[in-house]
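S.K.: Input: one structure, supplied below.
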Amino acid sequence: MKNFAFLIFCLIFAALSILPGSLVSAQQPTPSDDEVNAIARQLFCPVCANTPLDVCPTQACHDWRELIRQMLAEGKTPKEIEQYFVDHYGARVLSEPPQKGLNWLVYVVPPVAFLIGVFLLFQAFRAWKRLPAKSPASGEAGLTASARPDDYVSRLEEELRKRE
Amino acid sequence: MWAQILVWIGLLALLVLLGLGLFHAQHPIMSIGSKVPDFSLTLFDKYPYQGANQVNLAGLRGKVVVVNFWASWCVTCADESPVMEAAWNYYQPKGQVVFLGVDYTDVDAKALEFLSSYNITYPNGPDLGTRITPIFNRNIAMPETYIVDQQGFLRSEQIGPFQSLADVRSAIDPLLIGR
C-alpha cells in the first residue's frame, strides 16, 4: 500500500515537473520584424494619411507594430489581428476596403468608367469616319484624302495635254 | 442615341456622387448650437461611469458633458491631463458635470499606462471603430474637448489643450448657471 502511494506521489511529482517545460515549449517564439511587417503592410496607420503601417515612422505606429508582434506571439492569426484593428480603429485601416455598402463603388466605378470611355471613343471614331471629307482648295465634296492626289495628278495631266 | 443619353446620365451621377463625397469629407457634422447625435462609449474596466462599463450620451441628459479626445501618443494631451483631472475633481462632487475621456486610435495598454501615470480618475474609454470622433471633427487635432449642455446641444469646443482650470471653468460655469 505504501509502495502504491509512493508511486502515485512520484507520478504526480514527475507530471508537475514536466508541466512548466511543456507550457514554455507551447509558447510562440518572438515573431521577427519580417513576420510583423507582413501583416503591418496590409494595414494603414489609423492616424497618418495614406501611410502603410510597416513604413510609418511615428511612435504610435511603432506601438501598433509591437501590438502585432505581441498578438502573433499569443498565437493570433493574421486574419484575427486584422479584425482587431478594424474593430478598434475602423475599416479605414485596411489597405483594401471591404466589399460592402458604398465601398462597392471603388471596385465597380473604374472598370465601368473604362468601358464608358471605350464606348465613347468607338462612337466618336465611327462618327468621324462617316463625315464627308472636304477639300478647301477645290471646294469639292465627297473626296477622300487618299483620292485627292490621284485626282490632282489626273487634272494636271489633262491640262498639260491641252497645252500640247 | 439612347445609349449616349444613358452614358451621360451615368457620368453626371458619378460626378454628383463624387461632389457629395468631397462635401461630406470637408464639413463637420456639427457646429456650435447643434444637437449632438447620440453615441455610446465603451469604457476601460478601471474607468467606469457609475459602475457601468458603457455610457450613452442620451443617458446623460440634465448634466453638462465634457467630451475630451486624447491619445497616449499625443504630447499636448499629456500637458492637458493634470488640468482635466483638476477640473473633474472640482466638478465631480456636485454631480452636475460628467467628464468622458475618449481615447482616439491608441493601443489599450499604452492608454491605460497614460491614464495611470497622470492619475486620471474620470470615465475613459477607447473610440472603438473610430465612430465617435467623426461626429465631432473628421480632421481631429489632439487634444480636443467638446462641451455638451444639459439638453444635448454642443455649446463650446476647445481645439488644442486647456491651459488651466480657469479656462475649463470659463467654458462650463455659464452652462451651470443657465446662461
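The values are calculated or read from the model by the stated rules, or taken from the named source; none is laboratory data. The structure presented is a predicted model; accordingly, all values stated were derived computationally and were not measured. So basically every Cβ, Gly included, is an ideal-geometry build from the backbone, and we count neighbours across all protein chains shown.
S.K.: Scan the stretch B:99-125 residue by residue and report those that are in contact with a Leu (Cβ under 7 Å, 6 or more places away or on another chain), of a type in the set (Val, Ile, Thr) and assigned to a loop (DSSP other than H, G, I, E, B).
M.R.: If the condition is that a residue be in contact with a Leu (Cβ under 7 Å, 6 or more places away or on another chain), of a type in the set (Val, Ile, Thr) and assigned to a loop (DSSP other than H, G, I, E, B), then B:Val107 is the only one that fits.
S.K.: Just give me the residues in the stretch B:153-173 being over 19 Å from B:Ser31 (Cα atoms) and either without any contact (Cβ under 8 Å) to a residue 40 or more places away in the chain or not assigned by TED's automatic domain parsing to the domain that holds B:Ala87 (or both), in sequence order.
M.R.: Within the stretch B:153-173, B:Ala166, B:Ser170, B:Asp173 meet the criteria.
S.K.: Can you give me the number of residues within the stretch A:50-64 that are closer than 20 Å to B:Val75 by Cβ and more than 10 Å from chain B (Cβ to nearest Cβ)?
M.R.: Counting residues in the stretch A:50-64 that are closer than 20 Å to B:Val75 by Cβ and more than 10 Å from chain B (Cβ to nearest Cβ) gives 3.
S.K.: Moving on to the next point. Could you tell me which numbered condition B:Lys35 fails, if it satisfies all but one of (1) more than 28 Å from B:Ala166 (Cα to Cα); (2) surrounded by fewer than 21 Cβ atoms within 10 Å (Cβ to Cβ)?
M.R.: The one condition B:Lys35 does not meet is (1).
S.K.: Moving on. Look at B:Gly10 and say whether it is touching a helix residue (DSSP H, G or I) at 6+ places or on another chain (Cβ under 8 Å), within 14 Å of another protein chain (Cβ to nearest Cβ), without any contact (Cβ under 8 Å) to a residue 24 or more places away in the chain and not aliphatic (A, V, I, L, M).
M.R.: yes
S.K.: Give B:Gln96, B:Gln150 a once-over and let me know the one that is under 23 Å from B:Asp38 (Cα atoms), in contact with a Gly (Cβ under 7 Å, 6 or more places away or on another chain) and assigned by TED's automatic domain parsing to the domain that holds B:Leu43.
M.R.: B:Gln150
S.K.: A follow-up question, please. Of the conditions (1) farther than 30 Å from A:Phe44 by Cα; (2) crowded, with 19+ Cβ neighbours inside 10 Å, B:Pro93 clears all except one; give me its number.
M.R.: Result: B:Pro93 fails condition (2) only.
S.K.: For A:Pro78, are the conditions met, namely being exposed (fewer than 11 other Cβ atoms within 10 Å of the Cβ) and either within 13 Å of another protein chain (Cβ to nearest Cβ) or modelled with pLDDT of 85 or more (or both)?
M.R.: no
S.K.: With A:Arg69, A:Arg92 as the choices, which residue is in a helix (DSSP H, G or I), on the phi < 0 side of the Ramachandran plot and more than 9 Å from chain B (Cβ to nearest Cβ)?
M.R.: So the residue among A:Arg69, A:Arg92 that is in a helix (DSSP H, G or I), on the phi < 0 side of the Ramachandran plot and more than 9 Å from chain B (Cβ to nearest Cβ) is A:Arg69.
S.K.: What are the pairs with Cβ atoms under 9 angstrom where one residue, in the stretch A:47-69, is exposed (fewer than 14 other Cβ atoms within 10 Å of the Cβ) and the other, located anywhere, is part of a strand (DSSP E or B)? Sequence gap at least six, or different chains.
M.R.: As it stands, the answer is A:Asn50/A:Phe44, since those pairs meet every condition given.
S.K.: Which members of the stretch A:119-164 meet the condition of being touching a helix residue (DSSP H, G or I) at 6+ places or on another chain (Cβ under 8 Å), at pLDDT below 85 and not aliphatic (A, V, I, L, M)?
M.R.: A:Ser135
S.K.: Also, quick follow-up: Cβ-Cβ under 7 Å, sequence separation 6+ or interchain: first residue in the stretch A:101-124 and facing chain B (nearest Cβ under 8 Å), partner among the small types (Gly, Ala, Ser). Which pairs?
M.R.: Qualifying pairs under 7 Å: A:Ile116/B:Gly10.
S.K.: Assess whether B:Thr105 counts as being within 11 Å of chain A (Cβ to nearest Cβ) and either among the acidic types (Asp, Glu) or within 14 Å of B:Phe39 (Cβ to Cβ) (or both).
M.R.: no
S.K.: Same structure again: Does the stretch B:129-147 contain any residue that is among the basic types (Lys, Arg), part of a loop (DSSP other than H, G, I, E, B) and in the same structural domain as B:Tyr47 (by TED's automatic domain parsing)?
M.R.: Checking the stretch B:129-147: at least one residue is among the basic types (Lys, Arg), part of a loop (DSSP other than H, G, I, E, B) and in the same structural domain as B:Tyr47 (by TED's automatic domain parsing).
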